[in-house]
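The values are calculated or read from the model by the stated rules, or taken from the named source; none is laboratory data. Fair warning: this is a prediction, and the values are worked out from it, not measured in the lab. Counting neighbours? That spans all protein chains shown, and the Cβs are built from the backbone with ideal geometry, glycine included.
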């Protein structure tokens, strides 16, 4: 048997994602659809495959040339799309005297192609079409004897099924197709049927099929297949629950099956030929995990579809812990644990870090400060949110340039998370080591009621069950090389927890001591860099809150704007009267809240 894969289509239903990636190269669990089809044909005993190409043909050709299949795989470029029939005729020199298989490149199926071919050989009809019951596409009529009676106009009284795009064709049908012209194979079948010849239907309920021609159907099948792979066949079908989002456009789900669960992050389908947010998330996450940094394990991913399956770290984050704790000393103890991990991440995370993994910029630099923090603050917060239409970035440019220069001058660079705040730090329980501990076992076995009790009543250590707390960092996709002071500043001035200034000062001293003892850095340089970074981070926070509240409609961020604004003013006031004069003047009058 020889086979043809139809891959010339423009993929218009898959726009805008098919503008840069041809639909046969859309991936599921990291494998292109085209590769899955070729391997299925190879397993079915196919001796050679030819692929017609047109849209983004060089990408398909480059992919094929980089593979090492057990059978020859050829491509045939069509300068003008010829349709299914025209494409089959265009490779007439490839066929031999035997029936051949033709299959679409935008389908997903687990059908046994060997059985399909054997079925065709069992009868004398010139073609066999594989049909499937999919109400969204059921347009092919078949009679009671299993012959096709009509393709697009329902035949009264006959069953309606979907043509899967899989067919076995006898060479005699080539005579019904004119060479060099656009031709639909259906017309050839109709002409053949008008002469009294019949088309046989292959119908079975023992296989799965799906058309991947739309983004929604592609995403659904990618989730279905990857979920099955992530959990394995020993589990019942997982329950999928949408989790509450934050500032990102990504969607997060919890998949639960039995006693196990995973988190699914949906970053969206890739649109451009460049590093995506999903690429950065996967590459940086795997790098940090490999360094022993406390981040969730990435279990399965596909960066084209944007789907990433992660270890489930529960629902409790640092913000919840702080807001529910009555013990300041315990809060400080938790933050010290986190600062230890943060410093470890900055130092060891920078070792072997590949800046090509980064999604936005490889480094935290002067231009980033000016454009994505200072200008963001001016445009999204002052002008956009507060409505100060008379204000523009240029009014503060000299002050912002000075701030950026000083930040870079005092930077102590390492791996930088860039969004180190309490909602991105998860609190997880693991069994305390020791014989006889009934809590020993996998982390996922911690009962939900025990977790809740332990988190909220942290002051009652004697009553805590045999679990110890572990902190994990999430949302690291914005990571790059930058100053350690920025992440520490982000942690301490976090408006979600609103730590007292005295606590911030205590934790800053602790962080400086830990970092300088580990690296030998100058404590004064650390402190000066921290002072700059808490301003730049504060500008970014207010810009983000303004944008998310006004443009994205996520008005719950407004609740934290007064805290962030007061923090900015407090930190600016620590500079002498010659520094940030214009910015201080503009912020004057917003003492306790926000006036719009």
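Before we move on, is residue 15 within 30 Å of residue 270 (Cα to Cα), out of contact with any strand residue (DSSP E or B) (no Cβ under 7 Å at 6 or more places or on another chain) and surrounded by 21 or more Cβ atoms within 10 Å (Cβ to Cβ)? No: the conditions fail for residue 15. Taking the criterion of being farther than 18 Å from residue 108 by Cα, modelled with pLDDT of 85 or more and under 42 Å from the mean Cα position of the chain (by Cα), the residues of the range 147-174 that qualify are 151, 160, 169. Exactly one residue out of 207, 281 is touching a residue at least 40 places away in the same chain (Cβ under 8 Å) and within 27 Å of residue 135 (Cβ to Cβ), and it is 207. Inclusion of residue 376 among residues that are more than 30 Å from residue 28 (Cβ to Cβ) and either in contact with a helix residue (DSSP H, G or I) (Cβ under 8 Å, 6 or more places away or on another chain) or buried (at least 21 other Cβ atoms within 10 Å of the Cβ) (or both) is warranted. Filter the range 323-371 down to the residues that are part of a helix (DSSP H, G or I), within 23 Å of the chain's Cα centre (by Cα) and surrounded by 19 or more Cβ atoms within 10 Å (Cβ to Cβ) and list them by number. 345, 349, 357 - these are the residues of the range 323-371 that are part of a helix (DSSP H, G or I), within 23 Å of the chain's Cα centre (by Cα) and surrounded by 19 or more Cβ atoms within 10 Å (Cβ to Cβ). Here residue 189 meets the list (1) surrounded by fewer than 19 Cβ atoms within 10 Å (Cβ to Cβ); (2) in the same structural domain as residue 104 (by TED's automatic domain parsing); (3) under 28 Å from residue 105 (Cβ atoms) almost entirely, failing just condition (1). Among the residues of the range 521-551, those identified as more than 23 Å from residue 365 (Cβ to Cβ), surrounded by fewer than 24 Cβ atoms within 10 Å (Cβ to Cβ) and touching a residue at least 40 places away in the same chain (Cβ under 8 Å) are 548, 549, 550, 551.
Could you pull out the residue among 243, 255, 264 that is exposed (fewer than 14 other Cβ atoms within 10 Å of the Cβ), in contact with a strand residue (DSSP E or B) (Cβ under 9 Å, 6 or more places away or on another chain) and on the phi < 0 side of the Ramachandran plot?
243
Taking the criterion of being assigned to a loop (DSSP other than H, G, I, E, B), over 20 Å from residue 255 (Cβ atoms) and either in contact with a strand residue (DSSP E or B) (Cβ under 8 Å, 6 or more places away or on another chain) or modelled with pLDDT under 90 (or both), the residues of the range 193-234 that qualify are 198, 204, 205, 206, 207, 212, 213. Only one entry of 137, 163 meets the criterion of being within 16 Å of residue 5 (Cα to Cα), assigned by TED's automatic domain parsing to the domain that holds residue 48 and out of contact with any helix residue (DSSP H, G or I) (no Cβ under 6 Å at 6 or more places or on another chain), and that entry is 163. Within the range 1-16, can you find the residues that are touching a helix residue (DSSP H, G or I) at 6+ places or on another chain (Cβ under 6 Å) and either over 26 Å from residue 117 (Cα atoms) or outside any strand (DSSP E or B) (or both)? Selection gives 1, 11, 14. Go through the residues of the range 257-275 one by one and say whether even a single one is within 19 Å of residue 415 (Cα to Cα) and not assigned by TED's automatic domain parsing to the domain that holds residue 28. So far as the range 257-275 goes, yes, one or more of its residues are within 19 Å of residue 415 (Cα to Cα) and not assigned by TED's automatic domain parsing to the domain that holds residue 28. I'm trying to understand the selection: among the residues of the range 156-192, which are assigned to a helix (DSSP H, G or I) and within 22 Å of residue 143 (Cβ to Cβ)? Within the range 156-192, 173, 176, 185, 186, 187, 188, 189, 190, 191, 192 meet the criteria. Scanning the range 379-396 for residues that are outside any loop (DSSP other than H, G, I, E, B) and either over 36 Å from the mean Cα position of the chain (by Cα) or without any contact (Cβ under 8 Å) to a residue 24 or more places away in the chain (or both) turns up 383, 393, 394, 395, 396.
Taking the range 39-68, which residues are outside any helix (DSSP H, G or I) and surrounded by 14 or more Cβ atoms within 10 Å (Cβ to Cβ)? The answer is 44, 46, 48, 49, 50, 51, 52, 53, 54, 55, 56.
Quick one: would you say residue 508 is over 34 Å from the mean Cα position of the chain (by Cα), more than 21 Å from residue 545 (Cβ to Cβ) and at pLDDT 95 or above? When the stated conditions are applied, residue 508 passes them.
As a summary of the residue check, residue 36 satisfies the conditions (1) surrounded by fewer than 21 Cβ atoms within 10 Å (Cβ to Cβ); (2) touching a helix residue (DSSP H, G or I) at 6+ places or on another chain (Cβ under 7 Å); (3) in a helix (DSSP H, G or I) except for the one numbered (2). Here residue 245 fits the description: out of contact with any helix residue (DSSP H, G or I) (no Cβ under 8 Å at 6 or more places or on another chain) and either modelled with pLDDT under 90 or assigned by TED's automatic domain parsing to the domain that holds residue 553 (or both).
Listed here are the residues, each with its yes/no results for (1) at pLDDT below 95; (2) surrounded by fewer than 21 Cβ atoms within 10 Å (Cβ to Cβ).
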residue	(1), (2)
113	no, no
130	no, no
133	yes, yes
139	yes, yes
142	yes, no
145	yes, yes
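Residue 270 falls short on exactly one of the conditions (1) in a loop (DSSP other than H, G, I, E, B); (2) farther than 30 Å from residue 313 by Cβ, and that condition is (2). When the range 385-421 is filtered for residues that are more than 22 Å from residue 483 (Cβ to Cβ) and either touching a helix residue (DSSP H, G or I) at 6+ places or on another chain (Cβ under 7 Å) or surrounded by 17 or more Cβ atoms within 10 Å (Cβ to Cβ) (or both), the ones remaining, listed by number, are 385, 386, 388, 389, 391, 392, 393, 395. In this structure, residue 518 qualifies as surrounded by fewer than 17 Cβ atoms within 10 Å (Cβ to Cβ), part of a helix (DSSP H, G or I) and touching a residue at least 24 places away in the same chain (Cβ under 8 Å).
Check the range 552-562 and report whether any residue there is assigned to a helix (DSSP H, G or I) and more than 35 Å from the chain's Cα centre (by Cα). No: zero hits.
The numbered conditions (1) touching a strand residue (DSSP E or B) at 6+ places or on another chain (Cβ under 9 Å); (2) over 22 Å from residue 297 (Cβ atoms) are all true for residue 328 except (1). The selection criterion, being closer than 13 Å to residue 202 by Cβ and either touching a strand residue (DSSP E or B) at 6+ places or on another chain (Cβ under 8 Å) or assigned to a strand (DSSP E or B) (or both), holds for residue 148.
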